[in-house]
Each structure stands twice: as structure tokens, then as C-alpha cells.
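The values are calculated or read from the model by the stated rules, or taken from the named source; none is laboratory data. This structure is a prediction, so every number in the text was calculated from the model and none was measured. Here the Cβ positions follow ideal geometry from the backbone for every residue, glycine too, while neighbour counts run over all protein chains shown.
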Amino acid sequence: MATIDSGERSSLAGVRVTGQTLLMVGFTLVETLALGLWLTLVQGEPLISAASAVGFGVLSLGLVLKHALADAAVNGLSVSALPGRQILGVSVAEALLWALWLGVAERLGGVDGILVAGGLFAVLLVPQHTIEDNVVRGVGPFASVVDIGTVGASVVEAVGATVWLLLAFESGQFSGLLSALGLAGVDPAAIGLAALSVVLLIEHDIGVALARAG
């Protein structure tokens with residue numbers, strides 16, 4: 001019977017890690033693009049409007065793809081084993097959280113409003129991420145609702161979202177900082193979205209590691 005020596009095992013492990021990293025980069029880009037398009041569609045629009053409905057649909061679809069790829073990063077590629085309805089549920093729930101976050105920020109207005117919205121977002125993301133982790137690990141979605149292990153990822157994502165919105169909505173207050181960084185000629189909203197993508201990649205790395213450890 002053929003056996004796998006240590007060199008082959010190391011090579012296979014390297015391939016798995018590379019594949020997992022590529023998947024994380026992939027679903028980070030998907031989420032970033034979905035969020036950027038969503039904000040473009042809904043910014044300044046009434047909550048009940050065609051633009052808001054289209055934006056919510058775009059964001060939800062992007063999050064469905066993101067969660068499907070996240071499941072593949074943890075459990076491997078297997079369409080038959082994909083928890084489709086649960087992924088749809090957590091994706092819509094997350095889209096609703098993003099919509100609530102933006103609504104609070106716009107309602108309160110200014111830097112203070114964005115900061116308050118960011119704090120609320122961080123708190124609400126903890127149960128959201130806990131349920132997502134349950135789904136990926138194959139246990140009941142509500143097996144636990146608050147897992148202390150998801151707090152770090154939730155805070156990181158909320159900070160990234162706050163930076164993004166500050167640069168998109170209150171860029172005038174950061175013009176001096178952007179100039180000092182040599183970014184005076186770059187769209188502040190694009191800088192914020194790029195910063196969010198980096199933060200999301202960090203958050204996804206934490207989430208995948210947590211799910212695999214479970």
C-alpha cells in the first residue's frame with residue numbers, strides 16, 4: 001500500500017493553505033465590491049425606494065457569495081454539503097445590519113453620528129458573527145448567540161466600516177491628514193473602501209481561524 005511521506009504531507013498542507021488564502025482574498029473582494037456598490041446606490045435615498053431595494057438586493061447577493069466562499073475556505077468545496085438556506089438567512093441578516101448601521105449614521109449625522117453607529121454595529125455584529133460561525137461549523141445556527149471569540153472580529157469590522165464612512169461622508173475634516181499622506185488627489189471614499197477591504201481581510205482571517213478551531 002502506498003504511503004504519503006512527510007514531504008508530500010507538507011506539500012499538500014501548503015496547497016490547502018494557499019487555496020484557503022486565495023478564497024479569503026476572493027470573498028473579501030466580493031464583499032468589498034458589494035458594499036461599495038450598495039452605498040453608491042442607497043446613499044441619500046429614502047429607506048423605502050426603488051434604489052434602496054436594488055441596493056439591498058445587490059448587497060444580499062454579494063453576501064451570499066461571500067458566505068458560500070467562506071464555507072468553502074473552512075470546509076472545502078462541496079456544493080452538496082453547502083448549507084444553502086442558512087447561508088441565505090445569515091446573508092440577509094447581515095445586509096439588514098449594514099442598512100441599520102447606515103440609517104443610524106445618516107439619521108444622527110456628522111462625525112458623532114458615524115461613531116455612534118459604529119459602536120452599535122460592533123455590538124450587533126457579535127451575535128451575527130456567532131451565528132455565522134455556527135453555520136460554518138455545521139451546528140445549529142442558534143446553538144450559541146454570543147461567542148466571546150467573535151468579539152475581536154466584530155470590533156475590527158466595525159472600525160473598518162467607521163473609517164470608510166468617515167472618509168465617504170466627512171472627508172473635508174480629514175483633508176489635512178490625507179494631504180500629509182500624499183493622498184490629496186485621491187477620492188476619499190475610495191481610500192475608505194480600500195481601508196475597509198484590508199480590515200475585512202483581517203476579520204475574515206480571524207473568522208476562518210475560529211471556525212476551523214471549532
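How about the range 119-155: which of its residues are out of contact with any helix residue (DSSP H, G or I) (no Cβ under 7 Å at 6 or more places or on another chain), modelled with pLDDT of 95 or more and surrounded by 16 or more Cβ atoms within 10 Å (Cβ to Cβ)? Selection gives Pro127 alone.
Glu45 passes all but one of (1) in a helix (DSSP H, G or I); (2) at pLDDT below 95; (3) over 18 Å from the mean Cα position of the chain (by Cα); which number fails? Among (1) in a helix (DSSP H, G or I); (2) at pLDDT below 95; (3) over 18 Å from the mean Cα position of the chain (by Cα), Glu45 violates only (1). Among the numbered conditions (1) out of contact with any Gly (no Cβ under 7 Å at 6 or more places or on another chain); (2) surrounded by 15 or more Cβ atoms within 10 Å (Cβ to Cβ); (3) of a type outside the set (S, T, N, Q); (4) within 30 Å of Gly19 (Cβ to Cβ), the only one that Val116 does not meet is (4).
Do we find a residue being touching a residue at least 60 places away in the same chain (Cβ under 8 Å) and of a type outside the set (Ser, Thr, Tyr) anywhere in the range 110-123? Yes, the range 110-123 contains at least one residue that is touching a residue at least 60 places away in the same chain (Cβ under 8 Å) and of a type outside the set (Ser, Thr, Tyr).
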